[in-house]
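*Asks:* Take this structure first; my questions come after.
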Amino acid sequence: MGLQASSMSAPPEADRSANSPGGLEYGVSFQLPLHQPVMLREVLEWLRPGSGKIIADCTLGTGGHAVAILKEIGPSGLLVGLDRDSEVIEVAKGFLSQVSNPFRLFHADYADLGQILQELGIEGVDGLLLDLGVSSYQLGIPERGFSFQLEGPLDMRMDRTSGLTAAEMLRRLKEEELARIFWEYGEERWSRRIARAIKAHLRKATLDTTTQLASLIERVVPGRRGRIHPATRVFQALRIAVNRELQGLEVFLSTAYKFLKPGARMVVISFHSLEDRIVKRAFMEGFKKGLYMLLTRKPIRPSQEEVSKNPRSRSAKLRTVERL
């Protein structure tokens, strides 16, 4: 992925790419309501983005957390925002531009943070945030293929400029590989049955849309697990596999301490047990090596008030460490 930046602290001619990726060609409107960030109060409490600090939001999304952070760091601070999804960056830029404090945004994976900081001449940041969830904005666009509730192509790529789509993955992988993905990444108990049905279907017809896949899974999985749609775990597993989310997270967390100043904090919000186990293990290993002080030995959960207002927050877990 080529690194592309946009900024409000420099004139367009100073930007490496004055034409930011994404934007109005995707139907983006900055009159959209600001994305409701999960556990915002807790993020600000633990991240401590005070005046003059440099904060890296490595999963920028549409800017829900970033806008609040930008207000806290003031005109002498700097927000560095990264996201793999070029389309949400332009949305975030619209919101962030309403706050007259400096920021730099990059179309990049958080694995590229070291390179970005080097290019900016920054030796270390005062805070680092990872929010590993899929945004409501992404879920709400049928063309992205993240939601089984909306008719759209089976894409699921965070970065639509590269990589296999979910539909391509279903066609290319063997039945055994699909079953493994559904089991390991989705903890789907009917993984083998679903994988077998998908490959059988593909021998006779195409499987290109979200609702086609969801309907197939509904026919294969016996019964319904309460309020959880039978396709939920498979869609989660496919999204993780398409975007190589867990592999990238493990690699990043193993080196993230290099980007933090002494006393700087890293806050990570995860949304399912696989992510949380990786975060917990990485933070514990860093603690044992004398790199971190553990600030949250057990994950912090959203309040009941927040869950009632924002149901998608119910599975969130927040963990944080401080660089020694």
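The values are calculated or read from the model by the stated rules, or taken from the named source; none is laboratory data. Bear in mind that the values here come from a model prediction, so they are computed numbers and not experimental data. Virtual Cβ from ideal backbone geometry, glycine too; neighbours counted across all protein chains shown.
*Asks:* When only residues in the range 159-172 that are over 19 Å from H272 (Cβ atoms) and among the small types (G, A, S) count, which is modelled with the lowest pLDDT?
*Replies:* Of everything passing the filter in the range 159-172, S162 is modelled with the lowest pLDDT.
*Asks:* Then there is this: Select, from L82, L44, L70, L60, the only residue that is at pLDDT 95 or above, touching a helix residue (DSSP H, G or I) at 6+ places or on another chain (Cβ under 7 Å) and in a strand (DSSP E or B).
*Replies:* L82
*Asks:* Continuing with this model, one more query. If you go through the range 191-205 one residue at a time, how many are of a type outside the set (G, A, S), over 10 Å from L178 (Cβ atoms) and assigned to a helix (DSSP H, G or I)?
*Replies:* Result for the range 191-205: 3.
*Asks:* Residues E187, E250: which one is in contact (Cβ under 8 Å) with a residue 40 or more places away in the chain, surrounded by fewer than 21 Cβ atoms within 10 Å (Cβ to Cβ) and acidic (D, E)?
*Replies:* E187
*Asks:* Going by the conditions given, is A5 surrounded by 15 or more Cβ atoms within 10 Å (Cβ to Cβ), at pLDDT below 95 and not in a loop (DSSP other than H, G, I, E, B)?
*Replies:* On the way: surrounded by 15 or more Cβ atoms within 10 Å (Cβ to Cβ): yes; at pLDDT below 95: yes; not in a loop (DSSP other than H, G, I, E, B): yes.
Yes; evaluated as a whole, the condition is true for this residue.
*Asks:* If you don't mind, another one. Conditions: (1) within 28 Å of M39 (Cα to Cα); (2) in a helix (DSSP H, G or I); (3) modelled with pLDDT of 95 or more. Q138 meets all but one. Number of the miss?
*Replies:* Only one criterion is unmet by Q138, namely (3).
*Asks:* If I ask for residues that are assigned by TED's automatic domain parsing to the domain that holds V38 and among the aromatic types (F, W, Y), which ones from the range 231-286 would you list?
*Replies:* Passing the criteria: F252, Y257, F259, F271, F283.
*Asks:* For M156, all conditions in the list (1) modelled with pLDDT of 95 or more; (2) surrounded by 23 or more Cβ atoms within 10 Å (Cβ to Cβ); (3) at negative phi hold save one; what is the number of the exception?
*Replies:* (3)
*Asks:* Using the structure shown, decide if V307 is outside the structural domain of A179 (by TED's automatic domain parsing) and touching a helix residue (DSSP H, G or I) at 6+ places or on another chain (Cβ under 9 Å).
*Replies:* So V307 fits the description; yes.
*Asks:* While we're on this one: Test R219 against the criterion of being basic (K, R), in contact with an Asp or Glu (Cβ under 9 Å, 6 or more places away or on another chain), on the phi < 0 side of the Ramachandran plot and in the same structural domain as E151 (by TED's automatic domain parsing), and give yes or no.
*Replies:* No.
*Asks:* Among the residues of the range 96-109 satisfying the criterion of being in contact with a Ser or Thr (Cβ under 7 Å, 6 or more places away or on another chain) and surrounded by fewer than 24 Cβ atoms within 10 Å (Cβ to Cβ), which is nearest to G52 (Cα to Cα)?
*Replies:* P102
*Asks:* For the range 159-184, which residues satisfy the criterion of being assigned to a loop (DSSP other than H, G, I, E, B) and either surrounded by fewer than 16 Cβ atoms within 10 Å (Cβ to Cβ) or in contact with a Leu (Cβ under 9 Å, 6 or more places away or on another chain) (or both)? Give the derivation first.
*Replies:* So in the range 159-184, the residues assigned to a loop (DSSP other than H, G, I, E, B) come out as 159-165, 173-174.
Those that are assigned to a loop (DSSP other than H, G, I, E, B) and either surrounded by fewer than 16 Cβ atoms within 10 Å (Cβ to Cβ) or in contact with a Leu (Cβ under 9 Å, 6 or more places away or on another chain) (or both): T161, S162, T165, K174.
*Asks:* I would also like to ask the following. Looking at (1) loosely packed, with under 14 Cβ neighbours inside 10 Å; (2) not in a strand (DSSP E or B), which is the only condition L213 fails?
*Replies:* Among (1) loosely packed, with under 14 Cβ neighbours inside 10 Å; (2) not in a strand (DSSP E or B), L213 violates only (1).
*Asks:* Taking into account only those residues within the range 110-123 that are in contact with a strand residue (DSSP E or B) (Cβ under 8 Å, 6 or more places away or on another chain) and either at positive phi or β-branched (V, I, T) (or both), which is surrounded by the most Cβ atoms within 10 Å (Cβ to Cβ)?
*Replies:* Restricting to residues being in contact with a strand residue (DSSP E or B) (Cβ under 8 Å, 6 or more places away or on another chain) and either at positive phi or β-branched (V, I, T) (or both), the top hit is I116.
*Asks:* A further question on this structure: Starting from residues that are of a type outside the set (D, E) and either in contact with a helix residue (DSSP H, G or I) (Cβ under 7 Å, 6 or more places away or on another chain) or not assigned by TED's automatic domain parsing to the domain that holds G124 (or both), keep the ones in the range 86-103 and report whichever is nearest to S76 (Cα to Cα).
*Replies:* The selected residue is N101.
*Asks:* Can you say whether P302 is surrounded by fewer than 18 Cβ atoms within 10 Å (Cβ to Cβ), touching a residue at least 40 places away in the same chain (Cβ under 8 Å) and not in a helix (DSSP H, G or I), as far as the supplied structure shows? Write out each step before concluding.
*Replies:* Values: surrounded by fewer than 18 Cβ atoms within 10 Å (Cβ to Cβ): no; touching a residue at least 40 places away in the same chain (Cβ under 8 Å): yes; not in a helix (DSSP H, G or I): yes.
Against the criterion (surrounded by fewer than 18 Cβ atoms within 10 Å (Cβ to Cβ), touching a residue at least 40 places away in the same chain (Cβ under 8 Å) and not in a helix (DSSP H, G or I)), P302 does not qualify.
*Asks:* Say we look at the range 197-210 and pick out the residues that are of a type in the set (D, E, K, R) and either surrounded by fewer than 16 Cβ atoms within 10 Å (Cβ to Cβ) or in contact (Cβ under 8 Å) with a residue 40 or more places away in the chain (or both); which of these is nearest to E90 (Cα to Cα)?
*Replies:* Within the range 197-210, the subset of a type in the set (D, E, K, R) is 199, 203-204, 208.
Keeping just the survivors that are either surrounded by fewer than 16 Cβ atoms within 10 Å (Cβ to Cβ) or in contact (Cβ under 8 Å) with a residue 40 or more places away in the chain (or both) gives 203-204, 208.
Numbers: R203: 40, K204: 41, D208: 28 Å.
Taking the candidates together, the pick is D208.
*Asks:* Follow-up question, since we're still on this one. Select, from R312, R323, R277, R297, the only residue that is within 17 Å of the chain's Cα centre (by Cα), of a type in the set (K, R) and either loosely packed, with under 14 Cβ neighbours inside 10 Å or within 20 Å of L47 (Cα to Cα) (or both).
*Replies:* Only one candidate passes the filter, namely R277.
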